[in-house]
Amino acid sequence: WVDRARGASAVFLGDRPFGQWHKDNWAALNERLLSMADGRAGGPAAR
């Protein structure tokens with residue numbers, strides 16, 4: 001996952017293939033990552 005405009009990136013590792021759980025949660029995960037990159041999520045801003 002890379003957002004060059006924000007200077008943010010993430011890597012995902014897991015023991016299961018990409019499946020339905022991932023499809024169901026992908027949009028929420030992306031929103032959370034964007035919130036963190038923008039400093040809106042109460043977590044550290046990625047830089």
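What single numbered condition from (1) outside any helix (DSSP H, G or I); (2) at pLDDT 90 or above; (3) touching a helix residue (DSSP H, G or I) at 6+ places or on another chain (Cβ under 9 Å) fails to hold for A5?
The number of the failed condition is (3).
Look through segment 10-26, keep the residues that are charged (D, E, K, R) and more than 22 Å from M36 (Cα to Cα), and return whichever of them is surrounded by the most Cβ atoms within 10 Å (Cβ to Cβ).
Only one residue fits best here, namely R16.
Please tell me if R40 is over 12 Å from the mean Cα position of the chain (by Cα) and modelled with pLDDT under 90.
yes
Please name all residue pairs, on different chains or six or more residues apart, with Cβ atoms under 7 Å, provided the first residue is in segment 18-42 and is outside any helix (DSSP H, G or I) and the second residue is at pLDDT 90 or above and surrounded by 13 or more Cβ atoms within 10 Å (Cβ to Cβ).
Filtered contacts from segment 18-42: A41/R32; A41/S35.
The values are calculated or read from the model by the stated rules, or taken from the named source; none is laboratory data. Predicted model, so just to flag it, every value in this text is computed and none were measured. As a convention, Cβ positions derive from the backbone with ideal geometry for all residues, glycine included, and neighbour counts pool all protein chains shown.
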